[in-house]
Each structure stands twice: as C-alpha cells, then as structure tokens.
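Take a look at the structure below.
The values are calculated or read from the model by the stated rules, or taken from the named source; none is laboratory data. What you see is a predicted model; the values in this text were computed from it and never measured. Every residue, glycine as well, gets a Cβ built from its backbone with ideal geometry; the counts of neighbours run over all protein chains shown. Only protein heavy atoms, including side chains, enter the accessible area calculation; ligands, DNA and RNA are left aside. Shrake-Rupley method; radii C 1.70, N 1.55, O 1.52, S 1.80 Å.
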Amino acid sequence: MSVTLGGVRRLFEVEAKIDANTIVKKGDHVGSYSSGNGFAKTIIAAADIIPLGRARSAVDNTGGAAGDKTFFVDTGREVFCWL
C-alpha cells in the first residue's frame with residue numbers, strides 16, 4: 001500500500017526479489033546481507049544484515065535463480081521516496 005502526498009510516496013510495503021535456492025515462509029523476518037548480492041532471504045543473527053521487514057506470503061524459489069520470484073514485505077515503518 002502506498003499514499004502519495006505532495007510529490008512524496010509513503011510506502012508501507014515493498015516488493016522484494018528472492019535469492020536463489022531460498023524458501024521464505026509467511027511472517028519470516030527478511031532482509032539482505034550488505035556483503036551479498038542484494039536479493040532477499042530469511043535473516044539470521046549476523047553483523048551485516050540490512051533488514052527489510054516481514055514477509056506477507058510464503059515463496060519457494062528452490063532450484064530457481066536469484067530474482068526469479070518476488071514477494072511483498074511489510075516494512076513495519078513508513079518508507080519515503082520522492083517522485
């Protein structure tokens with residue numbers, strides 16, 4: 001969902017591309033690793049995590065290449081992007 005006000009779009013969810021050979025369950029905390037390829041995956045405790053939010057649905061990319069499938073992530077905060 002997004003709301004546009006005065007040239008600024010407020011996003012409450014983002015669409016993320018899943019990493020290769022990855023399964024994300026609904027409600028998992030997802031993010032990307034700063035030293036990685038930039039695709040989303042379920043996050044575990046590590047120092048170089050860039051959190052995105054919680055997965056709104058399950059997605060299975062077993063056997064698929066990075067970015068083959070997308071899913072929506074609730075950010076839990078407002079993300080602003082200028083148009």
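Scanning segment 20-43 for residues that are open to solvent by 80 Å² or more (accessible area, probe 1.4 Å), touching a Gly at 6+ places or on another chain (Cβ under 7 Å) and at pLDDT below 90 returns no hits. For segment 17-38, residues that are in a loop (DSSP other than H, G, I, E, B), touching a Lys or Arg at 6+ places or on another chain (Cβ under 9 Å) and not acidic (Asp, Glu) total 4.
For segment 44-62, taking the residues that are open to solvent by 70 Å² or more (accessible area, probe 1.4 Å) and of a type outside the set (A, V, I, L, M, F, W, C), the one that is nearest to residue 76 (Cα to Cα) is identified as 54.
A search for C-beta distances below 8 Å between a residue of segment 67-79 that is on the phi > 0 side of the Ramachandran plot and any residue that is surrounded by 15 or more Cβ atoms within 10 Å (Cβ to Cβ) and at pLDDT 75 or above, counting only pairs 6+ apart in sequence or on different chains, returns 67/17; 67/18; 67/39; 76/53; 76/54. I'd like the full set of residues that are within 11 Å of residue 18 (Cβ to Cβ), open to solvent by less than 40 Å² (accessible area, probe 1.4 Å) and not small (Gly, Ala, Ser), limited to segment 63-76. Residues satisfying the conditions are 71, 73. No other residue among 69, 17 is modelled with pLDDT of 90 or more, under 8 Å from the mean Cα position of the chain (by Cα) and of a type outside the set (Phe, Trp, Tyr) apart from 17.
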